[in-house]
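Note sheet for the following structure.
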Amino acid sequence: MKRILILFIIFSGLTNCSSKLYISELKDYKSIENVKIGMPINTAIGIAKKKHFKEKKERLVYEDEEKEYEYVVYNDDSKKVALFSFNGGYDNQTKNKVYRIVIKNPKYRTVEGVYTGMPLKQLKARAKLKSVDFNYDDGLILISETFDGGFLMDISSLKDSKYNFSKPKISTLPADLKIKEIILF
């Protein structure tokens with residue numbers, strides 16, 4: 001009996017030491033971790049700071065445009081695990097409000113169970129896709145039919161060089177492409 005008890009204690013201790021990935025399902029397509037589309041940026045910063053580490057990063061813009069910032073939320077101050085980011089809009093009405101949320105971590109799943117890192121083949125089986133867009137600034141984006149936003153795909157110029165991304169079609173995209181980010185507007 002003592003041996004069984006000792007083995008149980010050792011086993012439970014080992015399982016508590018292992019790193020766990022807590023899956024969080026999104027309740028809607030307008031918020032993550034209480035950061036919501038349309039809320040003031042300062043409120044979103046305060047919410048993100050309570051639970052995680054947040055970093056303000058300057059976004060790339062064209063020469064004649066005003067500076068834009070993105071707030072990247074990390075698991076902790078090591079900045080090794082990016083969870084999500086958010087930024088303000090592009091005009092006077094939206095620039096001080098959360099305009100876009102970008103999910104960067106597979107910890108978060110959509111209502112359909114879609115997550116970053118998921119291959120295109122699985123994405124097609126779980127989500128409704130409206131269209132596909134490619135440009136050299138943003139990359140390859142699959143537009144969702146379910147929500148305002150879509151999926152930024154991770155494309156490799158060497159591995160996927162045979163595919164013509166300048167005129168993409170959902171039906172002919174390489175099945176092994178993976179989701180790099182989920183974008184919510």
query = All but one of (1) in contact with a strand residue (DSSP E or B) (Cβ under 8 Å, 6 or more places away or on another chain); (2) in a loop (DSSP other than H, G, I, E, B) hold for residue 162; which doesn't?
reply = (1)
task = Report yes if residue 131 is more than 13 Å from the chain's Cα centre (by Cα) and touching a residue at least 12 places away in the same chain (Cβ under 8 Å), otherwise no.
result = yes
query = Restricting to the stretch 76-95, what's the tally of residues that are of a type outside the set (D, E, K, R) and not in a strand (DSSP E or B)?
reply = 7
message = Can you find, within the stretch 34-64, the residue that is surrounded by the most Cβ atoms within 10 Å (Cβ to Cβ) among those that are under 14 Å from residue 100 (Cα atoms), free of Cβ contacts under 8 Å to residues at least 60 places away in the same chain and hydrophobic (A, V, I, L, M, F, W, C)?
response = 44
task = Please state which one of 114, 73 is modelled with pLDDT of 95 or more, farther than 20 Å from residue 178 by Cβ and surrounded by 15 or more Cβ atoms within 10 Å (Cβ to Cβ).
result = 73
message = If I ask for residues that are surrounded by fewer than 15 Cβ atoms within 10 Å (Cβ to Cβ) and farther than 19 Å from residue 85 by Cα, which ones from the stretch 127-146 would you list?
response = 128, 130, 131, 133, 135, 136, 145
query = If you go through the stretch 117-157, how many residues are among the polar types (S, T, N, Q), modelled with pLDDT of 95 or more and farther than 21 Å from residue 38 by Cβ?
reply = 2
task = Within the stretch 97-111, track down each residue that is of a type outside the set (D, E, K, R) and either touching a Lys or Arg at 6+ places or on another chain (Cβ under 6 Å) or at pLDDT 95 or above (or both).
result = 98, 99, 101, 102, 103, 105, 106, 108
request  = Tell me which residues, restricted to the stretch 121-140, are assigned to a helix (DSSP H, G or I) and hydrophobic (A, V, I, L, M, F, W, C).
outcome  = 123, 125
inquiry  = If the requirement is being over 30 Å from residue 171 (Cβ atoms), touching an Asp or Glu at 6+ places or on another chain (Cβ under 8 Å), assigned to a strand (DSSP E or B) and not small (Gly, Ala, Ser), which of these qualifies: 98, 73, 61?
reply    = 73
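The values are calculated or read from the model by the stated rules, or taken from the named source; none is laboratory data. Quick caveat, the model's predicted, so the values are computed rather than measured. When we count neighbours, we look across all protein chains shown, and the Cβ atoms used for this are built from the backbone with ideal geometry, even at glycine.
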